[in-house]
Amino acid sequence: MSERDLKGYWKKNLKYLGILLSIWFIVSYGFGILLAPALNEIQVGGFKLGFWFAQQGSIYTFVVLIFVYVYLMNKLDQQFNVRED
């Protein structure tokens with residue numbers, strides 16, 4: 001892999017990481033703490049939505065983001081012809 005391709009690969013990888021971690025931060029901190037009072041007016045399964053995001057939502061979001069990251073990295077690996085041997 002050339003130096004240019006390597007820099008492009010890592011630049012895109014860090015972009016994915018930044019976006020996905022920002023989403024996780026917004027869901028866990030924003031919904032679970034900052035917006036919790038407003039979200040607590042909505043109930044899901046007998047629990048207040050702000051409480052649910054603080055306790056379960058951020059975990060579920062993190063797991064989904066792991067699968068999204070794997071998908072994006074597999075596409076990126078194909079784009080730059082990187083294989084794990």
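Listing for the model above:
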{"read-out": "Residue selected from region 1-50 under the condition among the β-branched types (Val, Ile, Thr) and either surrounded by 12 or more Cβ atoms within 10 Å (Cβ to Cβ) or within 23 Å of the chain's Cα centre (by Cα) (or both), by the criterion nearest to Leu72 (Cα to Cα)", "value": "Ile19"}
{"read-out": "Phe53 being modelled with pLDDT under 90 and surrounded by 16 or more Cβ atoms within 10 Å (Cβ to Cβ)", "value": "yes"}
{"read-out": "Residue in region 70-80 that is out of contact with any strand residue (DSSP E or B) (no Cβ under 9 Å at 6 or more places or on another chain), closer than 24 Å to Ser22 by Cβ and not in a helix (DSSP H, G or I) present", "value": "yes"}
{"read-out": "Residues of region 22-44 that turn out to be without any contact (Cβ under 8 Å) to a residue 12 or more places away in the chain and either part of a helix (DSSP H, G or I) or under 22 Å from Tyr69 (Cα atoms) (or both), as a count", "value": "6"}
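The values are calculated or read from the model by the stated rules, or taken from the named source; none is laboratory data. None of these values were measured; they are calculated from a predicted model. As a convention, Cβ positions derive from the backbone with ideal geometry for all residues, glycine included, and neighbour counts pool all protein chains shown.
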